[in-house]
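Some notes on the structure that comes next.
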Amino acid sequence: MRLAFENVVFAGGMVIAALLLAGCPNLLGESDEKEEKEEKPWTPEETAEAPYNFSDPWAGDYRMPGPSPIDDGEDRYVFALPRTVAERVRMAGTMTEWDNDPIDMAYDAEQGYWWVEADVEAGDEYKFILGDDLDDAQWIGDPYGRAFSSCENENSIVFESEYEWSQGAQDFERPPREELVIYEMHMADFTRDDPEIDDEEQGTLAGAADEYKVEYLRDLGVNAVELMPVQEWPGEWYSWGYNTSGFFAIENSLGTEVSGVNAHRELKEFIDTMHRNGIAVILDVVYNHTANENNYLWHIDQETYFDPDGTPWGNRTDFRNDEVQKFFLDNAIFLLEEFNIDGFRFDATEYMDQEGFFEGVLRELVENGYGDRYYILEHFGDQEPIREFNRDYGGEAGEPILTSWGTGYKDAMWEALDDQSAEDLGAPTYYHRDDGWNDPREVVHYFSSHDEGTLNARHSSKPRQVALAATHLLSGMGTPMIWMGDEFLREHYGNYHPDEDGAGTAKENNVIDWEEKRKEGEGDTPHPQDVLEFYQGMIRLRRDNPALRLSPDSYSSGGFDPASDGDFQWVVTPGDWDVKDATTDEEGHVIGYSLNHSGNLDGDRFVVLLNYGQESDELSVPFPEEGTWELVVDSHEFAVDPDGIDSGAHDGTVGTNGTHDIVLEHWQGLVYRYLD
C-alpha cells in the first residue's frame, strides 16, 4: 500500500492534504493485516522535563529538534517536535512496525516541545501521530525531518549525515561583498538535457558538480552562485522550489536515484566543489509561506504558525509569533552549519512581519557569529527596515549586512532597452543613492531573473542590446547578478510566458538547448558564443579593476558619494540633465561616466560610454585628462581586451582641450582606460 493525498479546501482557500490509501511503503507496516490489540487509556504525564535543550540555540548544549543521535549509543536517537494543538503525540515508523506499537512522546511544557528517545537504524522511516485515536489521528512528517521518502506520503527518514569537507573547501574565503558577481541558477535546469552530463546525473545536484559544469562557471568568472530553492517540495515533479514542505530536507528529485538522502549528500558535494573553486554558494529560501500540501506546520498549530491574511501564493507564515521565529531561525542555522552555506536570498520579505523577521531571525544570526554571511532580501516594499538594520549593524562590521533585491534597477534597464532612452539610468548607475541607500553593497542589480526571464525573450533584445546592458551592469556601482542563460541568449520568459498565464514555471518552458548554445557563429551574424565570451571578458575586467566596482572602504551611514570625492563624474548626460562639465546628448540615448575620475584611487581610470539608441550618435566627450585613452571594451563587436582593442575608428588620443570626438554606433558600449 501507499499513501497519496487528496486535496481538500478549507476556509480561506487553504489546501490541506488529507490522507488516503493508494501504493508506496505504508504507515501500517509491510502487511495490510494489523494485529488486533487493546488500546490502553492514555494519561499525559504531569511533568516530562526533557534532559535536552531544544529551546535555546545559542547555548552550548543546544540540540536541534528533529532526529538527533544520543552520544551514548550510535543507534539511539532523540526526536523532538514543537508544541502542537493535539494533546497526545506519538511516533510510529519502521522501528515500531508503524501503528502496531507507536511510541508515546513526552511533553516538556517549559520548553514547548514533545520529545522521545528511540532505538533506530539508518534508513528507518517515521511519522508523528497527532491525536488520541489512531483511526482519526493526523499522521504527519517531521517538520524538522532531514530527508523524506521518495513518494507522496513523504515519510521522514533517519540517516547518517556526516560529511568530510575537503581541505580546499575548509580553506575557502568568501569574496568581499564589493567583489561579488552572482549567477542565479536552477539546479535541475543547469544540467537537464545536457549531453555533456551523464544521463543519470542530468537534472541533479551531482550533475551540477560535474567538472564540465564547474569549468563553465570558472570560465564565466562569477564568484558566487545563487541557487533557486532546493528544499523539499511535495511530490517529485518539476518545480522552481517556491513551495517548500520540508525546510530541513533537500528535494528528492534533485538527488540521484530520486533520493532525499542522496540529495543531502550531493548538495554538500556541490558546495564543497564550489568552495574548492573559489565560488560562494547563496541559497534562496522561502520563509514567507509554505507549500499547501504536506503542510506539517499547519497540522501542528494552524493559528500559531499562519497569518490569516495569506499571500498571493496561498498561506502566510506569522512572524509575529515566537514559535515561527524560532522555527525559521533554526532552519537558517541548520543550513549554515550543516551545508556551509555562505548566505541567503530571502524570498518576498515584505510578506513577513518586519519586526519579527528582522529581530527574531536576522538580528539573532548577526549577533551570534553569522554577520559575515550574505543576506539578500527580495524586498519591493518600504526599504527603510533594510537601511535601518545596516545603520545599526553595518558600522560595527565595516560593511552593510543586508542587501536589497528590490531597488528597481531592472525596470530602468527595461525602459532604456525598450524605448531607446537613457534618461532614467542615472539612479541605477549610481546605486540608487538618491533613494536613501548609503553603500553600493546594499543593492543587488539585475535586469533578468527567474521571474522576469531573459532579455532575449522578454524584451526581444538583440545580441548587441544584451552586450550593451551587460557593459552597463558590470561597470556600475552595486552588486551585479546574472540570470542563468542571459549570457548566451537563452530564450526564457520567467513567469510571463506568452502562451498562457502560469506556463512559465512549467518544465517544458524551462529547457535549455545546451548543444545549440555551444555552436560557433558563422560570418558577421552575432551568435550566443559571441555574447558568452563578451560576458566572460566583462566579468574578468570588473573583478580585476576596483574602479569598475566603486565601493567605500567601510560602511558609513552618511552615504558613499564618490562624485563629491572626485572618484566619479558624469561625462555624457541624456536629455535635460543639468550636470556641470558634462556633454549633453539632446536625443537622450547616451549616458557616460568617468570612474576613478581624478586618479586618487589605486588602479586604472576608466571612461564608460553607452548608447541605448537605434541610431549612431557623434559626441564630443570630455575626458578627465589629455593623453592616450586605450579602448578595452567594444560591446558592438563583442570585444573585451584589458591590453587594448585595435580599433582605428575609436582612437583614444585626447587633445589638450580635454575632449575627444567619438561616434557611438547604435546599441554600443565603449570602455576606455587611461594609459598616459
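The values are calculated or read from the model by the stated rules, or taken from the named source; none is laboratory data. For clarity, every value in this text was computed on a predicted model and none was experimentally measured. We place every Cβ from the backbone using ideal geometry, glycine too, and count neighbours over all the protein chains shown. Areas reflect the complete protein model, heavy atoms only, side chains present, ligands, DNA and RNA absent. Shrake-Rupley method; radii C 1.70, N 1.55, O 1.52, S 1.80 Å.
Restricting the first residue to the stretch 470-497 and requiring it to be among the charged types (D, E, K, R), which pairs with a second residue that is crowded, with 24+ Cβ neighbours inside 10 Å and in a loop (DSSP other than H, G, I, E, B) meet a Cβ separation below 7 Å and a spacing of at least six or different chains?
What qualifies is Asp486/Ser448; Asp486/Thr454; Arg490/Thr454; Glu491/Thr454.
If we scan the stretch 644-658, do we find a residue that is modelled with pLDDT under 95, within 39 Å of the chain's Cα centre (by Cα), open to solvent by 10 Å² or more (accessible area, probe 1.4 Å) and not aliphatic (A, V, I, L, M)?
Checking the stretch 644-658: at least one residue is modelled with pLDDT under 95, within 39 Å of the chain's Cα centre (by Cα), open to solvent by 10 Å² or more (accessible area, probe 1.4 Å) and not aliphatic (A, V, I, L, M).
Taking into account only those residues within the stretch 64-83 that are closer than 13 Å to Val116 by Cα and touching a Gly at 6+ places or on another chain (Cβ under 9 Å), which is surrounded by the most Cβ atoms within 10 Å (Cβ to Cβ)?
Phe79
Do we have Arg540 as basic (Lys, Arg) and surrounded by fewer than 18 Cβ atoms within 10 Å (Cβ to Cβ) here?
Considered against the rule, which asks whether it is basic (Lys, Arg) and surrounded by fewer than 18 Cβ atoms within 10 Å (Cβ to Cβ), Arg540 comes out as yes.
Please verify whether Asn456 is assigned to a helix (DSSP H, G or I), open to solvent by 10 Å² or more (accessible area, probe 1.4 Å), polar (S, T, N, Q) and at pLDDT 95 or above, treating the condition exactly as stated.
no
Checking Pro526 against (1) under 26 Å from Met187 (Cβ atoms); (2) assigned to a loop (DSSP other than H, G, I, E, B); (3) in contact with a Leu (Cβ under 9 Å, 6 or more places away or on another chain), which single condition isn't satisfied?
(1)
Can you confirm whether Leu335 is in a helix (DSSP H, G or I), open to solvent by less than 10 Å² (accessible area, probe 1.4 Å), touching a helix residue (DSSP H, G or I) at 6+ places or on another chain (Cβ under 8 Å) and modelled with pLDDT of 95 or more?
no
Here are the criteria: (1) free of Cβ contacts under 8 Å to residues at least 60 places away in the same chain; (2) surrounded by fewer than 24 Cβ atoms within 10 Å (Cβ to Cβ). Tell me which single one Ser448 does not satisfy.
(2)
How many residues are under 19 Å from the mean Cα position of the chain (by Cα) and open to solvent by less than 20 Å² (accessible area, probe 1.4 Å) if we restrict to the stretch 474-506?
Going through the stretch 474-506 one residue at a time, the tally reaches 13.
Got a number for residues in the stretch 306-328 being part of a helix (DSSP H, G or I) and open to solvent by less than 10 Å² (accessible area, probe 1.4 Å)?
Counting residues in the stretch 306-328 that are part of a helix (DSSP H, G or I) and open to solvent by less than 10 Å² (accessible area, probe 1.4 Å) gives 3.
Any residue that is surrounded by fewer than 20 Cβ atoms within 10 Å (Cβ to Cβ) and either of a type in the set (A, V, I, L, M) or in contact (Cβ under 8 Å) with a residue 60 or more places away in the chain (or both) - is there at least one of those in the stretch 518-526?
Looking for residues that are surrounded by fewer than 20 Cβ atoms within 10 Å (Cβ to Cβ) and either of a type in the set (A, V, I, L, M) or in contact (Cβ under 8 Å) with a residue 60 or more places away in the chain (or both), one finds at least one in the stretch 518-526, hence yes.
Does Glu399 satisfy the criteria of being surrounded by fewer than 19 Cβ atoms within 10 Å (Cβ to Cβ) and farther than 22 Å from Glu452 by Cβ?
no
What pairs come up if the first residue lies in the stretch 119-133 and is free of Cβ contacts under 8 Å to residues at least 60 places away in the same chain, the second is part of a strand (DSSP E or B) and of a type in the set (Phe, Trp, Tyr), and their beta carbons are under 7 Å apart, counting only those six or more places apart or on different chains?
As it stands, the answer is Val120/Tyr77; Ile129/Trp139, since those pairs meet every condition given.
Residue under question is Glu173, and the condition is that it be modelled with pLDDT under 95 and part of a loop (DSSP other than H, G, I, E, B); does it hold?
Against the criterion (modelled with pLDDT under 95 and part of a loop (DSSP other than H, G, I, E, B)), Glu173 does not qualify.
When the stretch 182-197 is examined, which residues are found to be over 19 Å from Met481 (Cα atoms) and not β-branched (Val, Ile, Thr)?
Ala188, Arg192, Asp193, Asp194, Pro195, Glu196
Inside the stretch 225-248, can you point out the residues that are surrounded by 22 or more Cβ atoms within 10 Å (Cβ to Cβ) and either assigned to a helix (DSSP H, G or I) or more than 17 Å from the chain's Cα centre (by Cα) (or both)?
Ser245, Gly246
Which of (1) within 23 Å of Glu396 (Cβ to Cβ); (2) out of contact with any Pro (no Cβ under 6 Å at 6 or more places or on another chain); (3) polar (S, T, N, Q) is the odd one out, the single condition Ser564 does not satisfy?
In the conditions (1) within 23 Å of Glu396 (Cβ to Cβ); (2) out of contact with any Pro (no Cβ under 6 Å at 6 or more places or on another chain); (3) polar (S, T, N, Q), Ser564 misses (1) alone.
Scan (1) in contact with a helix residue (DSSP H, G or I) (Cβ under 6 Å, 6 or more places away or on another chain); (2) surrounded by fewer than 22 Cβ atoms within 10 Å (Cβ to Cβ) for the single condition Val361 breaks and write down its number.
If we test Val361 against (1) in contact with a helix residue (DSSP H, G or I) (Cβ under 6 Å, 6 or more places away or on another chain); (2) surrounded by fewer than 22 Cβ atoms within 10 Å (Cβ to Cβ), just (2) comes out false.
Which ones in the stretch 565-617 are of a type in the set (D, E, K, R) and in a loop (DSSP other than H, G, I, E, B)?
Asp565, Asp567, Asp576, Asp578, Lys580, Asp581, Glu586, Glu587, Asp602, Asp604, Arg605, Glu615
Give the residue that is nearest to Tyr107 (Cα to Cα), with candidates limited to residues of the stretch 255-300 that are among the charged types (D, E, K, R) and open to solvent by 10 Å² or more (accessible area, probe 1.4 Å).
By that ranking, first place goes to Glu293.
Would you pick out the residues in the stretch 88-100 that are touching a helix residue (DSSP H, G or I) at 6+ places or on another chain (Cβ under 9 Å) and either charged (D, E, K, R) or surrounded by fewer than 21 Cβ atoms within 10 Å (Cβ to Cβ) (or both)?
Hit for the stretch 88-100 is Arg90, nothing else.
Suppose we filter the stretch 582-633 for residues that are open to solvent by 10 Å² or more (accessible area, probe 1.4 Å), on the phi > 0 side of the Ramachandran plot and under 39 Å from the mean Cα position of the chain (by Cα); how many remain?
The qualifying residues number 2.
Considering only residues that are without any contact (Cβ under 8 Å) to a residue 40 or more places away in the chain and closer than 22 Å to Gln569 by Cα, which ones fall in the stretch 403-431?
Within the stretch 403-431, Ala412, Asp424, Ala427 qualify.
Going by the structure shown, is Asp561 more than 22 Å from Ser421 (Cβ to Cβ) and outside any helix (DSSP H, G or I)?
It is true that Asp561 is more than 22 Å from Ser421 (Cβ to Cβ) and outside any helix (DSSP H, G or I).
Looking only at the stretch 377-396, filter to residues that are free of Cβ contacts under 8 Å to residues at least 40 places away in the same chain and more than 15 Å from His445 (Cα to Cα); which one of those is most open to solvent (accessible area, probe 1.4 Å)?
Among them, the one singled out is Glu396.
Please go through the stretch 139-179 and pick out each residue that is open to solvent by 30 Å² or more (accessible area, probe 1.4 Å) and closer than 30 Å to Tyr555 by Cβ.
Gln170, Asp171, Phe172, Glu173, Arg174, Pro176, Glu178, Glu179
Failed condition for Gly112, given (1) open to solvent by 30 Å² or more (accessible area, probe 1.4 Å); (2) under 21 Å from Asp322 (Cβ atoms), with all others met?
Unmet for Gly112, out of (1) open to solvent by 30 Å² or more (accessible area, probe 1.4 Å); (2) under 21 Å from Asp322 (Cβ atoms): (1).
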